[in-house]
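Here is the structure we will look at.
The values are calculated or read from the model by the stated rules, or taken from the named source; none is laboratory data. From a predicted model like this one, the values you see are computed outputs, not experimental measurements. Every residue, glycine as well, gets a Cβ built from its backbone with ideal geometry; the counts of neighbours run over all protein chains shown.
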Amino acid sequence: MNIVKKGERLMWSMFGKKYLLIGISIIIITIVTINIYVKTFEKVVYPNVYVEDIYIGKLNEEDAIKKIHINFEKKILDKNIIIQVEQEEFKISFKELGIEYDIQKAVKEAINYSKDLNVLKKFITLIKGDKNYINIDLKYNEKAVDGIIYSIESDVNIKPLESEIKIDSNGVIQITEDATGIKLESDILKKDILKEIESKKIEEKSYIVGNLITWYPKKTKEKLKIINRSITEFSTEFMNSGYSRKKNIKLATEAINGKVLMPNETFSFNDVVGPRTASKGYERANVISGNRYIEDIGGGVCQVSTTLYNAVLKSDLEVLERRNHSLRVKYVPLGLDAMVSYGASDLKFKNTTDYPIYIYGEANENYVAFKIYSNNSLAKKHFEIETNIEDIIKPKNFIKYNSNMAKGERYVQKTGKPGYKVNSYKKIYVDGKFIEKKLISKDIYKQVENIVIEGR
């Protein structure tokens with residue numbers, strides 16, 4: 001019996017080893033097979049991978065790019081968008097919009113899909129067959145979109161008719177009628193165009209409706225008719241100025257005359273008057289540069305800005321930007337001048353009232369004047385401007401030595417000018433009652449040195 005049992009154990013031992021070897025062999029064969037199968041997809045896209053809606057499974061990079069180009073890029077770049085605005089149609093192509101699709105990036109992403117996994121996970125990914133979609137990044141030229149919309153606007157927009165107000169030297173007011181216009185709802189149209197671009201729909205053409213809306217004038221007769229009286233005025237004289245300076249003053253004043261400022265709008269002297277150039281008729285005259293006078297195109301224009309500034313100070317308008325000259329000027333007290341230089345220094349103020357204002361400007365041979373018109377309810381306020389010289393800066397001596405003069409001998413070749421530190425204030429009255437005193441500005445004017453010749 002023992003002999004039989006030993007034989008049985010021996011037999012089972014042999015069978016066990018045999019099956020173990022078979023099992024190991026099967027595992028090895030399976031691993032090798034899986035590796036070989038997985039390796040066949042090493043340089044191609046895994047099955048069930050799509051770029052947008054285009055199947056590129058089992059394709060290498062080059063073939064995948066070709067397939068997407070033929071079935072997506074070429075077709076979509078030939079697509080047209082038809083924009084319908086009422087009875088008019090405007091056709092734009094995707095090519096006009098500078099659209100670019102990054103196909104190479106999408107294909108590389110497809111090639112690399114699941115390639116960073118271990119062999120078993122790669123194999124499971126391959127046999128599961130789950131679909132994977134990859135999007136193509138796109139670029140477009142937003143300026144081209146804006147340009148197309150601008151072109152459509154040029155064809156369909158009808159500007160509103162703004163009401164105009166004119167006030168003559170006698171204070172007679174005339175106001176013209178206004179009328180509404182129509183304009184393209186551009187913001188919504190742009191959103192619709194961008195949405196169509198980003199949808200990446202492959203079709204020959206798509207349609208977008210552009211809407212027209214009422215375009216209301218900013219200045220209506222109803223709004224302007226509440227301008228009924230002068231609320232402030234100021235003038236300065238230039239009787240002794242030369243022809244060129246007088247001409248410059250007249251040109252700048254004419255540019256400002258008739259300007260209407262609605263509530264919350266800002267006035268910029270440089271924007272309204274524009275560059276002071278010879279082509280616009282401006283001539284050379286004295287201007288302050290640093291601590292001396294030189295001749296330059298547009299000399300005298302600062303007297304216009306200064307006169308307007310002083311008219312503004314005597315109102316509720318808010319001064320946003322203003323600079324004093326480096327040297328004292330003759331036509332207004334210290335602290336009340338306003339230096340302008342196109343591209344460098346501006347005079348800006350804001351209409352902080354509830355009513356529109358009208359600026360009347362006039363310049364003749366002797367003086368320049370500004371009147372600001374608005375509603376008579378603003379006249380209950382009264383303003384007084386005062387200045388206070390805080391310090392006088394004595395001129396220093398600039399010594400030039402002269403070897404032909406005796407040592408210690410000296411004389412003043414040119415007398416300098418003092419500098420000043422000045423504070424300006426606005427006193428506010430309502431119905432004749434004093435309310436408050438506000439600081440307007442703190443200004444410094446440079447001293448001009450004495451030129452002294454001294455022997456050595």
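Figures for the structure shown
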read-out	value
Residue among Glu109, Glu89 that is free of Cβ contacts under 8 Å to residues at least 40 places away in the same chain and closer than 30 Å to Val45 by Cα	Glu109
When residues of region 190-218 are limited to those that are outside any helix (DSSP H, G or I) and within 25 Å of the chain's Cα centre (by Cα), the one surrounded by the most Cβ atoms within 10 Å (Cβ to Cβ)	Pro217
Residue within region 332-351 that is in contact with a Cys (Cβ under 8 Å, 6 or more places away or on another chain) and within 20 Å of Lys438 (Cβ to Cβ) present	yes
Restricting region 272-281 to residues that are under 26 Å from Pro356 (Cα atoms) and touching a residue at least 24 places away in the same chain (Cβ under 8 Å), the residue that is nearest to the chain's Cα centre (by Cα)	Gly274
Any hit, region 409-429, residues being touching a helix residue (DSSP H, G or I) at 6+ places or on another chain (Cβ under 6 Å) and under 30 Å from Ile165 (Cα atoms)	no
Any hit, region 363-376, residues being crowded, with 19+ Cβ neighbours inside 10 Å, touching a Cys at 6+ places or on another chain (Cβ under 7 Å) and among the aliphatic types (A, V, I, L, M)	no
Cβ-Cβ under 9 Å pairs, at least 6 apart or on other chains, region 426-441 side assigned by TED's automatic domain parsing to the domain that holds Asp316, far side outside any strand (DSSP E or B) and of a type outside the set (Lys, Arg)	Lys426/Leu313; Ile428/Asp316; Ile440/Leu313; Ile440/Gly335; Ile440/Leu336; Ser441/Asn324; Ser441/Gly335; Ser441/Leu336
Long-range neighbours under 9 Å by Cβ, at least six apart or interchain, first residue more than 30 Å from Ala369 (Cα to Cα) within region 170-187, second outside any loop (DSSP other than H, G, I, E, B) and of a type in the set (S, T, N, Q)	Thr180/Thr214; Gly181/Thr214; Ile182/Thr214; Lys183/Thr214
Members of region 76-97 that are under 23 Å from Glu142 (Cβ atoms), outside any strand (DSSP E or B) and charged (D, E, K, R)	Asp78, Lys79, Lys95, Glu96
Candidates Lys330, Lys259, Lys314 - the one that is over 32 Å from the mean Cα position of the chain (by Cα), modelled with pLDDT of 95 or more and surrounded by fewer than 21 Cβ atoms within 10 Å (Cβ to Cβ)	Lys314
Conditions (1) more than 32 Å from the chain's Cα centre (by Cα); (2) surrounded by 14 or more Cβ atoms within 10 Å (Cβ to Cβ); number of the one not met by Asp178	(1)
Leading residue by the ranking (modelled with the highest pLDDT) among those in region 103-115 that are within 12 Å of Ile134 (Cα to Cα) and assigned to a loop (DSSP other than H, G, I, E, B)	Asn112
Residues that are loosely packed, with under 14 Cβ neighbours inside 10 Å, hydrophobic (A, V, I, L, M, F, W, C) and over 25 Å from Asn324 (Cβ atoms), drawn from region 400-450	Ala406, Val412, Val430, Phe434, Ile435
Selection within region 358-413 - more than 46 Å from the chain's Cα centre (by Cα) and either hydroxyl-bearing (Ser, Thr, Tyr) or closer than 30 Å to Ile428 by Cα (or both)	Tyr401, Ser403, Tyr411
Residues that are within 23 Å of Met262 (Cβ to Cβ), in a strand (DSSP E or B) and at pLDDT 95 or above, drawn from region 363-413	Phe370, Lys371, Ile372, Tyr373, Ser374, Phe383
Counted residues, region 116-137 - those being touching a residue at least 24 places away in the same chain (Cβ under 8 Å), exposed (fewer than 15 other Cβ atoms within 10 Å of the Cβ) and of a type outside the set (Val, Ile, Thr)	7
Pro356 under 30 Å from Lys417 (Cβ atoms) and modelled with pLDDT of 95 or more	no
